[in-house]
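The values are calculated or read from the model by the stated rules, or taken from the named source; none is laboratory data. Note that this is a predicted model, so its numbers are computed, not measured. Glycine gets a Cβ as well: all are built from the backbone with ideal geometry, and neighbour counts include every protein chain shown. These accessible areas exclude ligands, DNA and RNA; they are computed on the full protein's heavy atoms, side chains included. Shrake-Rupley method; radii C 1.70, N 1.55, O 1.52, S 1.80 Å.
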Amino acid sequence: MPSFSIVFAAAPLLEELPTVGHGPSQAELPAAIAELRERRGAVILAHYYQEPEIQDIADFIGDSLELSRRAAETDARVIVFCGVHFMAETAKILNPSRLVLLPDLEAGCSLAESCPPEAFAAFRAQYPDHLVVSYINTSAAIKAQSDLICTSSNAVDLVSQLPEDQPILFAPDRNLGRWVQKKSGRPMVLWPGSCIVHETFSEATVLALKQSHPEAEVIAHPECEENLLDLADFIGSTSRLLSHSCSADAPAFIVLTEPGILHQMRRSVPGKTFLEVPGLDGCSCNACPHMRRNSLAKLWLCLKNQNPRIEIPEHLRQRALLPIQRMLAMSH
Ligand code: 13P
Ligand code: SF4
């Protein structure tokens, strides 16, 4: 399998805007972004792990599946993706005629990085009869080597739809893969990748929180390790954690995922208590360092300059599109 490189073009501005001195102050940024969004004909999509002030200005907030659906459907000329690189790249794969901007091009993902294309091609070659199901948290070069893409909200459902005698290779998150195996009853060969954020939680911290908040339910993202998922009352994607926290009877929730999601939880059900789980030794490593690279100032700048933009070689885009289209067709 050839290796691919992705080209990030520093393209000229499509429309020159008047220079705004040193740029708006922090307080002026929301209004300045709203004005630029209008002028650019842009839509701002944001993942739940973004800073609250970015979520507050977004046109749409969602999990990976919802955001890719929005990206595929939008007729906006410009898509500003407030998330990480693989998300913006998926938007470009799905909607190549749009200008897709990512406020900080360095916003990567430890899971996507844990699966380099050449090593994955060699791994895959050991299982020639296996169908390759890859999590959306992968580069375009990995998607191009996959048969089907899934997200945390549809992985169990999609794997369950595959013919029973079909052997499956799942990449790159071993924690999600293990959970999908358990839920679907389908054995799978797992690529040994993981997310630095979801592996920072400790059983001892969760048990201590449960002790001090016995009324709280534990809710967890399936990227967490198995011993933590075993403590959870509910497991699901970010959107599912949010909807569960709205509908469940519990008055409090211990939330085992990136704490950006707590902003929408507190807004949706102000009467309930939401507790984030700190990382090992109380560190703040539960905040995704990649997601948090985006800021209001970078969002304003990227709208102003229409850069950084995502560009993907067409042959790679077309190959990576197929398994994403299969996912969208198979998702309910
Ligand atoms: P979601 O599928 O819940 O959006 O998860 C994306 C992600 O990156 C989790 O770490
Ligand atoms: Fe990637 Fe983990 Fe950050 Fe999600 S939380 S974007 S999986 S590093």
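Would you mention how many residues in the range 76-91 are open to solvent by 20 Å² or more (accessible area, probe 1.4 Å) and either within 13 Å of ligand 1 (Cβ to nearest atom) or out of contact with any Lys or Arg (no Cβ under 7 Å at 6 or more places or on another chain) (or both)?
1
The residue that is modelled with the lowest pLDDT, counting only those in the range 57-88 that are within 14 Å of ligand 2 (Cβ to nearest atom) and assigned to a loop (DSSP other than H, G, I, E, B), is ASP63.
Which of the residues belonging to the range 257-274 are farther than 16 Å from GLU51 by Cβ and either surrounded by 19 or more Cβ atoms within 10 Å (Cβ to Cβ) or free of Cβ contacts under 8 Å to residues at least 40 places away in the same chain (or both)?
If we filter the range 257-274 for residues that are farther than 16 Å from GLU51 by Cβ, which is where we start, we get 268-274.
The answer is SER268, VAL269, PRO270, GLY271, LYS272, PHE274.
Here is the figure for the range 229-247: residues that are free of Cβ contacts under 8 Å to residues at least 40 places away in the same chain and either touching a strand residue (DSSP E or B) at 6+ places or on another chain (Cβ under 6 Å) or within 14 Å of ligand 2 (Cβ to nearest atom) (or both) total 7.
For first residues located in the range 308-330 and within 14 Å of ALA72 (Cβ to Cβ), partners that are open to solvent by 30 Å² or more (accessible area, probe 1.4 Å) and among the basic types (Lys, Arg) and lie 6+ apart or on another chain with Cβ distances below 8 Å form the pairs LEU328/ARG69. Inspection of the range 159-176 identifies at least one residue that is at pLDDT 95 or above, within 16 Å of ligand 2 (Cβ to nearest atom) and out of contact with any Leu (no Cβ under 8 Å at 6 or more places or on another chain). Within the range 140-167, the set of residues being assigned to a loop (DSSP other than H, G, I, E, B) and closer than 13 Å to PRO323 by Cα comprises ALA144, GLN145, SER146, ASP147, THR151. Here the condition is being within 16 Å of ligand 2 (Cβ to nearest atom) and out of contact with any Phe, Trp or Tyr (no Cβ under 6 Å at 6 or more places or on another chain); of ALA220, ALA204, it holds for ALA220 alone. Quick one: is ALA91 within 11 Å of ligand 2 (Cβ to nearest atom), assigned to a helix (DSSP H, G or I), in contact with a Ser or Thr (Cβ under 8 Å, 6 or more places away or on another chain) and small (Gly, Ala, Ser)? No: the conditions fail for ALA91.
The rows are residues; the columns are (1) open to solvent by less than 30 Å² (accessible area, probe 1.4 Å); (2) closer than 17 Å to GLY282 by Cβ; (3) in a helix (DSSP H, G or I).
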residue	(1), (2), (3)
LEU169	yes, no, no
LYS182	no, no, yes
THR205	no, yes, yes
ALA208	no, yes, yes
GLN211	no, yes, yes
GLU223	yes, no, no
